[in-house]
Amino acid sequence: MSIEVPEIDLIAEAASIMSLTSSPASSISSGVEYPKAPETAPEPPSSITTYQEYVQSSEIQSLVEAGQLFAVYPKSDCKHLEAHVSPVPNGDWLDKKCCFCSEPVENWTCLKCYSVFCGRHVNGHMLEHNIITGHQLSLSHYDISVWCYGCDSYIDNPRLYCAKNELHKHKFGIEMPFTYGSLSLENASTSQAL
């Protein structure tokens, strides 16, 4: 028994979908109405000195509660930091592709051995690296966030500044802002042991 499949012009179909979604007045109905996003994020009050304080501020919380913003709250402490963050090597890890599949996008660097692997949404080689080696912390080349597999959470801690700053300088050509309040940059940069 054979099933007849109608021939579809994929390019025409894609163009049709694009024309439906390109106009702000029209959209493909999903049954979900999304709230209008704020024009700009509120400026942090001068009393706020860290990223953690900013995302927990009343201004940000009101946007989250109104459904206008989704905020990720990274942990500031992680029991894996001491054993799983090695000193930052020279910059040769910054341009590498995934060690297994050579994928150039959505890559993560292991902060223990500085090997580069693709993320879960590509081929999942960083997760495999974690399972095989037990190395817990990885740095996203996309958004410069750090994920801890052991804590199952994003982590933001001054010990991570050196690696994050190297990647930031490589991507944007400038130093990453130091967002750890009164803690000195020298402590984060030189000792990595806070």
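Here, each number is a calculation from the coordinates, and none is a lab measurement. Quantities reported herein were computed from a predicted structural model and do not represent experimental measurements. Every residue, glycine among them, receives a Cβ derived from its backbone with ideal geometry; neighbour counts consider all protein chains shown.
Given H placed on each backbone N at 1.01 Å, which residues far from SER115 in sequence or on other chains put an amide H within less than 5 Å of it?
CYS110
Work from the charge dipole of segment 86-155 (Cβ charges, +1 for Lys and Arg, -1 for Asp and Glu, about the Cα centre) and give the residue of GLN136, TRP108, GLY124 farthest towards its positive end.
GLN136
Taking amide hydrogens as modeled 1.01 Å from N in the peptide plane, which residues meet the under 5 Å criterion relative to SER153, leaving out close sequence neighbours?
CYS148
Separation of segment 51-124 and segment 149-176 by C-alpha centroid, Å?
One Cα centre to the other: 7 Å.
Using a Förster radius of 30 Å, what is the FRET efficiency between ILE131 and LYS97 based on their Cβ-Cβ separation? Nearest 0.05, please. Intermediate results must be reported in sequence, preceding the final value.
On the way: r = 21 Å, r/R0 = 0.69.
Plugging the Cβ-Cβ distance into 1/(1 + (r/R0)^6) gives 0.90.
What net charge is computed for the residues neighbouring MET126, neighbours being all others with C-beta under 10 Å from the C-beta of MET126, Lys and Arg scored +1, Asp and Glu -1?
Result for the local shell: -1.
Quick one: net charge of TRP147's neighbours, Cβ under 14 Å, K/R +1, D/E -1?
The answer is 0.
Calculate the spin-label point distance for CYS113 paired with GLU59, positioning each point 7 Å from the Cα along the beta-carbon direction, and give it in nanometres.
4.4 nm
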